[in-house]
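See below for the structure under consideration.
The values are calculated or read from the model by the stated rules, or taken from the named source; none is laboratory data. Nothing here was measured: the structure is a model prediction, and the numbers come from that model. Virtual Cβ from ideal backbone geometry, glycine too; neighbours counted across all protein chains shown. The area values use the complete protein model at the heavy-atom level, side chains included, leaving out ligands, DNA and RNA. Shrake-Rupley method; radii C 1.70, N 1.55, O 1.52, S 1.80 Å.
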Amino acid sequence: MADTIAAISTASGAGAIGILRISGPEALSIAYKHLAFQEDSFPISAIKPRFAYTCRFIDGEKKLDQVVFLYFSSPHTFTGEDLCEIHTHGNPILLREALECLFKSGARPAKQGEFTKRAFLNGKIDLNEAEAIGRIIGARSRFELELAQKNAFGEISRLASNLRSQLISLKAECEAEIDFSTEDLTFESFEERKKRIRSIADICSNLLRKSSETETLLERSRVVLYGEPNTGKSSLMNLILGRDRSIISEIPGTTRDYISEDFLLSGIPIRLVDTAGVRETGDKIEKMGIERSEKEFSQADVRLFVIDVSQKTDWEKFTEENRSKLEGAIVAANKSDIRDPSWNSDIISQKNYPGTVLVEVSCKSKQGLDVLISEVSKKLQGLESSEDYVLLEERNRFHFSSITRSLENCLILMEEQAPAEIYIKEIDSALDQIGEVNGRVDTEEILGRIFSKFCVGK
């Protein structure tokens, strides 16, 4: 990469500070052409790496701005090349004019992601860390940001390196047994080898499962409000959103179709859906709305069953009739501030429905709202924190899937009593795939493992 690139590195729009970044072999000389230092004579050789200099940015005789200039020398930079930063005032017009000066002096416009690409090509970061940087910049929630940060700090890279080490060890063991079977050496048992392969395959399959769960959370998880008319679904939706979104009326059946709104709940993107009240009706339009309510509720990631405890109700009969809908749902017992004597919270808790959570709330007094939102968040995160989730890019999902298939094939071949020369090819395939995640395997490394583990030629 013999050319030098330049770009504006701060977000578009006006701001207190704007930053121009230059990277490449001519970065310092190009920047120096447009810098006027306070000293009358300040040679380029006097500029020290990692020092901040206050100076003027000039275009010939024209003074553009008072700036702060920093120079970072190769290879101790983000890109691995000579890199300069020019901190100007954050006016977009000023930044563009200064950037054009750098282009006239020999830099070319940087392409999308080119600074990060150069960092990767120069060995400053691996591909996983490069992909994580993109995720950090574009994260739509705190949850996604935390996951991207873990990858940027090398979590996937370390895991891949560990698996690669285990696979190389397996291959070394198999190669040694094939090549030195006549030597007086001790090898691991057939069952021990199968156990090691199964362990690696399980790690990869669990990684893929967690990644799938994470992707579901990163998409707009659907939280659906469901219940009979006038139970307070629309009021509850407005309270959760913090603004009026659904029309509220004492007339039953106000909501004839579902209403949805996207927002962040505890840092997780969700789509909150308010559905039409479910009841027996002869109105064709209302009946269509109820059918959609049933469909939305059945497909929800989190189901919020809203009930009105201010009305005299045979709750034993109600729970039996709605058993399938209550199981696994969060039951919002609304209007608890004016509850009817027929209501008893033990009616639902004693049924011991799997995954069902009961929260008594009042849309009028906002009692129990925080608890309800907390329970929804727990359902969304599976009672776990971001520490228990993993973010895999599509490229790595492909590689880890291929590793899992190869190791499963290896185990099948071993069960069929195939010779090591045959099933080792599946280990080779898995090694190729893990090599695509972080780096390539070389023969010398495998030979080094063999000679260090066994005293060959003794």
Margin query: Show the residue pairs meeting these rules: Cβ distance below 9 Å; 6+ apart or different chains; first residue within the range 133-147 and in a loop (DSSP other than H, G, I, E, B); second residue at pLDDT below 75 and among the β-branched types (Val, Ile, Thr).
Written below: 141/268
Notebook entry, point to check: Of the residues that sit in the range 52-79 and are of a type in the set (A, V, I, L, M) and closer than 21 Å to residue 4 by Cβ, which one is nearest to the chain's Cα centre (by Cα)?
Noted result: 70
Notebook entry, point to check: Which one of these does residue 2 not meet: (1) at pLDDT below 90; (2) open to solvent by less than 70 Å² (accessible area, probe 1.4 Å)?
Noted result: (2)
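Might you check whether a residue that is buried (at least 19 other Cβ atoms within 10 Å of the Cβ) and either at pLDDT 95 or above or of a type in the set (Asp, Glu) (or both) occurs anywhere in the range 102-111?
Yes, the conditions are met somewhere in the range 102-111.
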Note to self: Going by what's in this entry, would residue 153 be described as aromatic (Phe, Trp, Tyr) and open to solvent by 50 Å² or more (accessible area, probe 1.4 Å)?
What the structure shows: yes
Next item on the list: Tally the residues that are out of contact with any helix residue (DSSP H, G or I) (no Cβ under 8 Å at 6 or more places or on another chain), outside any loop (DSSP other than H, G, I, E, B) and more than 28 Å from residue 92 (Cβ to Cβ), restricting the search to the range 11-50.
Entry: 2
Notebook entry, point to check: Filter the range 5-50 for residues that are among the β-branched types (Val, Ile, Thr) and without any contact (Cβ under 8 Å) to a residue 60 or more places away in the chain; which is most open to solvent (accessible area, probe 1.4 Å)?
Noted result: 44
Notebook entry, point to check: Does residue 130 satisfy the condition of being within 30 Å of residue 419 (Cα to Cα), touching a residue at least 12 places away in the same chain (Cβ under 8 Å) and over 13 Å from the mean Cα position of the chain (by Cα)?
Noted result: no
Item checked: Total residues in the range 337-371, condition among the small types (Gly, Ala, Ser) and either outside the structural domain of residue 231 (by the TED database) or over 18 Å from residue 238 (Cα atoms) (or both) -> 4
Note to self: Is it the case, given these coordinates, that residue 130 is closer than 30 Å to residue 265 by Cα and of a type in the set (Gly, Ala, Ser)?
What the structure shows: yes
Checklist line | Matching residues in the range 316-331 - criterion: being farther than 17 Å from residue 293 by Cα and either modelled with pLDDT under 85 or of a type in the set (Gly, Ala, Ser) (or both) | finding: 328
